[in-house]
Structures are given as C-alpha cells and as structure tokens.
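Below you'll find the structure, written out as structure tokens, and then a few comments.
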Amino acid sequence: MTTKVLRLNVNGEDTLVPVGPMATLQEVLRDKLELTSVKVGCAQGGCGSCSVLIDGELRLACLTPAEAADGCTVTTLEGLNESNSIVPIQQSFIENYAAQCGFCTPGMLVATKALLERNPKPSRDEIIEALSGNLCRCTGYLPIIKAVEDAAAALSGKQSA
Amino acid sequence: MALKDLKIVGKSVRLRDLDTHVRGQTTYYEDVRIPRMLHLKMYRSPHPHAKILKIDTTEAAKQPGVVCVLTHEDMPGKKTFTPLAAIGVAPEDEPILAFDKVRWKGEPIAAVVAESEAAAKAAAPKVKVTFEELPAVFDVEEALKAEAPIVTPWGKNYYQYPDDHAASQIRYGDVERAFAEADHIVEDKYQTKPIEHAPLETTGCVAKPEGNGRYTVYTNIQALYFALDNTAAIVGLSPAKLRFVGGTVGGGFGGKVDIQVEPIATLAAIKTKRPVKYKYSREDEMRVSSTRAAWRIYVKDGVMNDGRIVARKITTYQDAGAYIRLSSYGTMKHAGHMPGPYTIPNVSVDAYCVFTNRPPSSAMRGFGVMSGSYAIELQMDKIAAVTGVDPWQLRLINAYRNGDMKAHRKAADDAALVETIQAAAQLAGQALPADFAAMSSDDRKGG
Amino acid sequence: MAKLRGTGMAAVNYPTGMHLGGDPTQALVHATTTGNFVVTLSSVDLGQGLKTVLAQIAAEALGVPFETVLVDTGDTDTGPHCTGTFASRTTHRAGNAVVMAAREARKVLLEVAAEELEVNADDLVTDGEGSIHLAGAPEMKISVTDAALAAHFVQGKTVSGRGVYLKPMSPMDPETGECDPDSTHAHACTVVEVEVDTETGAVAVLSIKSAYEIGQQVNPALVRGQIVGGAWMGMGHALSETTAPYYPAIDHAPRDFLGYVMPGAAEMPEVECVVLEHPTETGPFGAKGIGEMVANSPIPAVVNAINNALGVRITEIPVTPEVILRALDEKAASAA
C-alpha cells in the first residue's frame, strides 16, 4: 500500500499526516490526531455527526477522502472551542437544553457556526435547512432550532452594539 | 399538588453533561484512548434459515492484517445463551456464533479480528460457509400453523410459559358471558412493524486485557452488570475477573441491552491478548441490531350503549424473530398491561411470543406497552364511532379509578388518568360537559 | 383532491419499573473532605439526564447544594449493582436507593456537626446552601465542609450512607395472570391535529398537545425534553419508521438514514404540554418514571387524527403515503 504524507492545517496548527490511499478525513482527525469531537455516527454521510470546516466550508469528514484535504485548513469543534464566535452558541445550546445524549452536538455546533458565519440573521426555515444534514434522535429538534435562533440574536446583538 | 418545601427537586437545573457536550469533550466509550487495538468484523449468514454444513476460515485468516478468526469452535464452554437466564427465562437458545443452523439473515457465524477496521472488513467476506437452505417463515400467524418450518430448537414456534402455557395470559371475569349480554361487539386487528432504535452512537465496545487476568470492557451497554454477568458465563471467566466501564451513552432507547458485542469482543481479547474493538456499523445497526418487535393484536370488546366496556378479549402475537432475547419478558409485560388504563370487569388476554426467521427483536422505549396502548387507543375511537359516544367522554367513563380492581387482581392506586384527560382537553380547547369536567380518579361519580 | 384536516386523541398509562419487579439498584453516598458529596452507583446515563436527576435527589435528601454533589457512575469495580437503565426505572429505583443512602449519610453529618457545636443533633437543620445550623438560631452554625473535615480528622467517622431499592419479584400466575407488576403508573393524554394531502398521501402534523402526570417532577426542563423528543419519535413511528416496509417480507431493509426515514426538523410542529404532579408514595420525593412513555400517546393520536381527517380506518403503522392512498382507494371502491 502506498502511503502519502498530507500537509494539513488543523485547528491552527500545521501538521504532516501519513495516510493510506483509502483513508477518510474522519479517520485522520479522530484516530491519528485524537480529535474526538469528530463523531462516527454512520460513516455514510447520513447523520452529520462528523461535521467539520474545510477552508471555512461545512463538510462531512466521513465522506471526505483524506487526500482531498491536502493543503487545506481544517477546523473541528476543538479548534472552535472557547473562541468568541462559538461561546454564545454553546451558551445558547446549554440554556435551551438543546442536547440530551450529546452525540450529535459537536456536529450541530459546527454546522451552526458555519450557518451564522455566512448568514448572521437566519430565518427559522434557513436554520432548519442549514441543519437538515445533522440528525438528532433525542430532542425532537425544537430546542436545537431555538438554541440557534437565540445564538444568532445574541451574536448579532453583540455586533450591532 | 407538588410536594412543598423542596429546595432542588422540582427545579430545572442544567443537564450535567451539557457543558462537555457543547465542547465535544464528553467521553463516550470509544473516546477512551487504548493503544494497540484490534478490530472485529463479523461474517454473517446470508440466509434467513439454513443448515451449516461447513465453516472454512482458512482464506479469511490469510488476509493481510488478520490476527485470528473465531468460530463456535473457539467457545470455551457453552455455545448458546439467553440474556435473562438469571430470572428463569429458558432455554439458552441463541448461539454466540452459529454452529449447526442459522435462523435469521444476519446471524453471526465467524468473527474476523484484524489490525485495522478496514482489514477486518475486507477479510470477513472471505469466510466460506457451506449452507443447505431451509424453508423460512416470516409471519407470526403462519409460524404457529402446524405445517410451518420450525425455527426454535425446542420444536415449537412459541415461547413456553410455565405450566406448558403457549401464551402469557390474563383471565378475569367471564368475557364470553359479558359478550352475550353486551349491546355491541367491537372487533379489530392492529399491526405494528419492526422499528429501529437508531441512536446516533451505534452499539459497540472495546475489551482490554489488563495483564493480571482481568479484562476491562468499555461499552455503551444500558445495563453494565447485566452484560458483565452474561459475558462472564459465555467467555468462561469468573465475573470477578471482569470490569465493565461505561455510563455515558450516545442514545439507547432500549437498543443497547442485547449483549451482542461484549462477549465476542472479550473472547477475542482473551485469544489475542490485545484490546479488541467491536463496533456496529450503521448498516449493522439498521439490519443486524435488534428492532422493536412487530406486533399483531386482535381486540374484541363488549360495549353497552352508554359507552361502558364490559368485556375485552385480546389475542396478541409478538414477533420475537429468531431468538428469545428479552421478548418473552416483553410479551408478559404486554399481557400484564392489558386492558389498558380502563376498568373492565371481564378480561381475557392471550399474548404469544412467536419465533420467526426474522432478525431477533428486543426491548425498545415502552417495551410491550407501546404496542398495547396503540391498539387500545385506536380501538377506543372505533368504540366511540360504533356507540356514538364522544371519544373524550368514552375514555373518561371507562378510565380506571383508585381502588378499582385491575385484571391482574391488584387494586389500582396512583390513578390520575381522569385528571390527565381533563388537563389535555383544557389545553386543546376541548369543552367537556360539566359532569365530565367534575370527574375524579378518586371516585366514579358521573362515570 | 384536497387537503383534509383531522383531530385525534389518545390516553395512556405507563408502569414504573421492570414488570413484576425483582430489579434492585444500589447507591453509596459519601462526603469527601473537599466539601463535595459523591454518589456512587452503576446506572447508565443515555442522555435522559440520570446524573443530573440523581444529583438533585441526593442534594435534596442530604440538604446540601446541588453543585456539591458528584455522581460517579459507570464502573463496576467501584459502583454497586444496578439492574440497568430501562423500564422507566432509574429515577424511581436508583432515586430511592440514593434517598436511602443520603439519609444515612445526613444522619452522620448532623451527629458530627452536633458534637462540634455541642448541641443535640435533632435540633440541627441544613440550609441547602452549605451550612448546618441550630433550628431557630442560624448563627449557631458549621459549614458542611468543616463538618466533613471534623468527621475525618477529629471524630474519626465516615460521613457516608448505603442505599438499595428492591421491589420483590411477583411472579405472574400462569393461569390467571395475577401479579403485582409495577410500583406506580404515570399518565398521558395527547391531542394531535393533522392535515392530509389526498393526492400525495403526505401527512403534516400541525400540532401536538399533551398533558402528563408523572408524580413529582424532579427536573421540569428535562421532563419537557423527554416529552418533545418523544412526540417527535411518536410522529416517526406513526408515519414513516420501519426496517420492514413490506412486513412480513424481509426485503427492502434500510442500510442507512436515507432508507430509514425519520421526521426532519421541518416536519416538527410546536409541542405544547402541561404536567400534573400527583406525588406517589413509592417514589423518591414522589417521582414516577417518564422516559419510555413519551411516544405512546402521540402514535395512536396521530393515527386517530388521520382516520378522523379521511373518514377511513387505518389500523397499521407506519401510515406511509402508500398506506393512505390505498385506504382512500378502498374507501372510493366501497362507495362506488
């Protein structure tokens, strides 16, 4: 098997990662770099638990061949944690009880962050559309939608202030 | 009517794990870092019912990265188990790895253990099994016919309850006499289909040898000691040699109580002296993990013109699939729950736990009761239509009150169905006549 | 072709604990010298909030702040036996075990405090904020942390307690079914409005309104979380979810979340609920169980609403568009 060395910038750090030909970005992030916020809910692109940002765009790590990320900037929830832009989203998820088992939550947070970057004041329909690739089996989605609405309000309120 | 003087019970304090959930820092079983881990993938039966003539693992064992391939021959002691044996469920019908027969499409036959998940997945299809296909049965009532293919090792396609009863049963009053005296007979058939728990985190575990004769199993099982005891019996170790670690799980809904991954992963860890991870893929979770059972429920009610239900006869078939697992318990819970939250003086229930060549079903949120509530609440609407009694009033008339004798001969207490219906009516803007609005679970005035 | 609206309701009860009992759970409680209390057991948190709820119950029974109670669960080397997290049993069974353990620990805590304050332990109360004081004389006080330190370093005592809850097994009589199956019952009644497109067979659930009675609530926000999540799961069960769409045929089993259809967020209506509290004598501070029952009334309420909208009698779930269109065809054929 041929191994290739990828050059990635992951959560702000330049990293060289040797990978085999079939490796996915999910395996690189979870198994090699120990970024365990990247959850493996299906490895089929069907649940959104492994949502990450590649060059700022929302992507599913499980469907991304590792080689396709060569030279890219990859951001996981670990990289967003405690940043000014994510804290209000985290706070809103907490206040709205927008997680139960929490397995889908990292993906939801990353998807929400991607949404609010490109659309700081999304409508309810736009929120639902943006999160439609992220499944949750516990909450019935209502608290998650409310959490995103509140986070958007908090963030845009901050910006306008 | 909440209890007074409570300081913290009754308050909406924050969910304990939320802070770590939103930072991706909650530790689930597979977030525990374990070095030099092997991975296990299962070769499974492609047939719903077949004799196993030969199992050949030679080719699979030669595949790159494969460390070993386990079959029934590697079982140290017993080859079959049933998870509730400790509370008297019998016989031990389910092979840990199939040996003489397979009874459902997806039944585990050979466990391939390899250095990587990809290597195990690539090698599993190389296991060669020679089958002789057998006729299969998929429908519960077909399975109970005399000419049906036999699924179980004991020769009958139903679970045998004590004293040779073919069903878990309730006998209370005299339903036939009450039917004869009733103004209306209302009958129907209700059917639910298999449903997947679909937790976002799939079923899985890692079994790790500690080097001192003990094994730690990191698992997302919903019942740690239950899995520990069953695993010990299967792998031939004293329970004292096992430590099960979990407690923080990515959704369960009843799907993570079947003890399907822990025994075989532990056995592989014993054989290889390495940590072994056995995690269901999403496809495994959809096709191989147990489902909520399909239930077929026949309800026959004797009803008076004023809406009083005077007799209820229920015949239920729970589709257990190929093995018992928790199903015989679920059937009993179903029977014990009948006739639902209503006081009916004559009740007869026959609840059959039926075996078919389907994937084994098991517990799911509301085990045995969800199906019963479903059938009864559709039946109540049919009674309302037949008698012309309003559906809300029909339920209030028949709702059980404190002190009423239930069909299983325990007097009702903690009843609050009347008040709950009244509250729902108010919430939904449904006006109730004054006498119905004044009803109480403490007496039968007006009802 | 039209969009028809209908309303349906359903009322249910749900038993708390394993059917027939015989399902014990233990808990241990001890004070550390840091001011914290630790509840040790082996129950599993599936996301429903077991760690939160048991910490609340322990804090209430101990009379100490919620924040100072840690729940250490999920390790069979340290945690005593729990039958498992299922059968809506954990709040009730583990909760009762925690209350028993916490009361024993509290008794020692007050005895230690009494010796330090040179008063009678029966005259002491906790303020729930970290202090123990003489009833009617709040200035005669000692902090819980100081009492825990004194217990260890001065008096040589452990501030600890043991708890277990067991409803003894009640076998079902094989002939009559006579038994004592459960500890208590919770209740629910759900009203659903739907709109059915008679051309496509698609069902839109317009509203879900439920009343619940679950004894004393331990944590109303988590209770609401169960109710909303269960309403959504009930919608899915009623309308689309199955691994065998042509049951009893085994074909067309899904492999993924494309084939296994669950409702999306867009299909979820607002969920309104009221929760009644009729505390049960058998439960910890009167609590019953809610975890499992939350899909049970929504499912039949949805199907009753569809039947009400269309004037048909569908009796199987899931009620897919195909089921609806076939029912409408049958209705048309029998009218002709």
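Below, the figures for the structure above:
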quantity	calculated
Scope segment C:288-336; condition more than 34 Å from the chain's Cα centre (by Cα) and either at the interface with another protein chain (Cβ under 7 Å from one of its Cβ atoms) or in contact (Cβ under 8 Å) with a residue 12 or more places away in the chain (or both); matching residues	C:310, C:311, C:312, C:322, C:325, C:327, C:328, C:330, C:331
Looking only at segment B:181-196, and only at residues there that are more than 8 Å from every other protein chain (Cβ to nearest Cβ) and not aliphatic (A, V, I, L, M), the one that is nearest to residue B:361 (Cα to Cα)	B:187
Options C:121, C:148, C:101, C:186; residue that is within 27 Å of residue B:6 (Cβ to Cβ), within 14 Å of chain B (Cβ to nearest Cβ) and of a type in the set (A, V, I, L, M)	C:186
Residues within segment B:339-385 that are of a type in the set (A, V, I, L, M), closer than 22 Å to residue C:304 by Cα and at the interface with chain C (Cβ under 7 Å from one of its Cβ atoms), tallied	3
Residues that are in contact (Cβ under 8 Å) with a residue 12 or more places away in the chain and either out of contact with any helix residue (DSSP H, G or I) (no Cβ under 7 Å at 6 or more places or on another chain) or more than 7 Å from chain B (Cβ to nearest Cβ) (or both), drawn from segment C:167-183	C:167, C:168, C:169, C:170, C:171, C:180, C:182, C:183
Pick from segment A:128-142, criterion buried (at least 23 other Cβ atoms within 10 Å of the Cβ) and more than 7 Å from chain C (Cβ to nearest Cβ), ranking: farthest from the chain's Cα centre (by Cα)	A:137
Hey, residue B:237 touching a Leu at 6+ places or on another chain (Cβ under 8 Å) and part of a loop (DSSP other than H, G, I, E, B) or not	no
Breaking point among (1) within 14 Å of chain A (Cβ to nearest Cβ); (2) more than 30 Å from residue C:66 (Cβ to Cβ), for residue C:225	(2)
Of residues in segment B:245-257 being touching a Pro at 6+ places or on another chain (Cβ under 7 Å) and in contact (Cβ under 8 Å) with a residue 60 or more places away in the chain, the one farthest from the other protein chains (Cβ to nearest Cβ)	B:255
Hits in segment A:117-127 - residues which are in contact (Cβ under 8 Å) with a residue 24 or more places away in the chain, away from chain C (no Cβ under 14 Å) and in a helix (DSSP H, G or I)	A:117
Whichever residue in segment A:58-111 is among the polar types (S, T, N, Q), farther than 14 Å from residue A:37 by Cβ and within 14 Å of chain C (Cβ to nearest Cβ) and, among such residues, is surrounded by the fewest Cβ atoms within 10 Å (Cβ to Cβ)	A:96
Filter pass, residue C:114 being buried (at least 18 other Cβ atoms within 10 Å of the Cβ) and at pLDDT 95 or above	yes
Lone qualifier among B:200, B:224, B:242 - being within 12 Å of chain C (Cβ to nearest Cβ), without any contact (Cβ under 8 Å) to a residue 24 or more places away in the chain, buried (at least 22 other Cβ atoms within 10 Å of the Cβ) and not polar (S, T, N, Q)	B:224
So residue C:198, is it over 18 Å from the mean Cα position of the chain (by Cα) and surrounded by fewer than 22 Cβ atoms within 10 Å (Cβ to Cβ)	yes
Index of the failed condition, residue C:249 passing every other in (1) more than 14 Å from chain A (Cβ to nearest Cβ); (2) of a type outside the set (Lys, Arg); (3) farther than 30 Å from residue B:284 by Cα; (4) in a loop (DSSP other than H, G, I, E, B)	(3)
Single residue of segment C:46-81 satisfying the filter (of a type outside the set (Asp, Glu) and in a strand (DSSP E or B)) that is nearest to the other protein chains (Cβ to nearest Cβ)	C:73
Elements of type strands (runs of 3 or more DSSP E) contained in segment B:1-115, each with 1 or more residues being of a type in the set (Lys, Arg) and within 14 Å of chain A (Cβ to nearest Cβ)	B:38-44
Some residue of segment B:260-273 being facing another protein chain (nearest Cβ under 10 Å), over 15 Å from the mean Cα position of the chain (by Cα) and either in a strand (DSSP E or B) or of a type in the set (Ser, Thr, Tyr) (or both)	no
Residue C:27 being crowded, with 23+ Cβ neighbours inside 10 Å, in a helix (DSSP H, G or I) and of a type outside the set (D, E, K, R)	no
Residues within segment B:416-443 that are surrounded by fewer than 21 Cβ atoms within 10 Å (Cβ to Cβ) and either of a type in the set (Phe, Trp, Tyr) or touching a Leu at 6+ places or on another chain (Cβ under 6 Å) (or both), tallied	1
Residue B:325 being under 12 Å from the mean Cα position of the chain (by Cα), of a type outside the set (Val, Ile, Thr) and not in a helix (DSSP H, G or I)	yes
Options A:151, A:114: the member that is part of a helix (DSSP H, G or I), touching a residue at least 40 places away in the same chain (Cβ under 8 Å), surrounded by 24 or more Cβ atoms within 10 Å (Cβ to Cβ) and of a type in the set (Gly, Ala, Ser)	A:151
Test: residue in segment B:358-369 that is closer than 20 Å to residue C:289 by Cβ and among the β-branched types (Val, Ile, Thr)	yes
Pair list, Cβ under 7 Å, 6 or more apart: segment C:270-287 residue more than 7 Å from chain B (Cβ to nearest Cβ) and on the phi < 0 side of the Ramachandran plot, other residue among the aliphatic types (A, V, I, L, M) and assigned to a loop (DSSP other than H, G, I, E, B)	C:275/C:214; C:287/C:218
Tally of residues being in contact with a strand residue (DSSP E or B) (Cβ under 7 Å, 6 or more places away or on another chain) and either more than 14 Å from chain C (Cβ to nearest Cβ) or not basic (Lys, Arg) (or both) across segment B:126-180	28
Pick from segment B:416-429, criterion at the interface with chain C (Cβ under 7 Å from one of its Cβ atoms) and not hydroxyl-bearing (Ser, Thr, Tyr), ranking: nearest to residue C:192 (Cα to Cα)	B:428
Of the criteria (1) modelled with pLDDT of 95 or more; (2) touching a Lys or Arg at 6+ places or on another chain (Cβ under 7 Å), which one residue A:147 fails	(2)
Residue list for segment B:45-66, restricted to those being under 11 Å from residue B:112 (Cβ atoms) and either at pLDDT below 95 or crowded, with 20+ Cβ neighbours inside 10 Å (or both)	B:57, B:60, B:66
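The values are calculated or read from the model by the stated rules, or taken from the named source; none is laboratory data. In this text, all values refer to a predicted model and were calculated from it rather than measured experimentally. Counting neighbours? That spans all protein chains shown, and the Cβs are built from the backbone with ideal geometry, glycine included.
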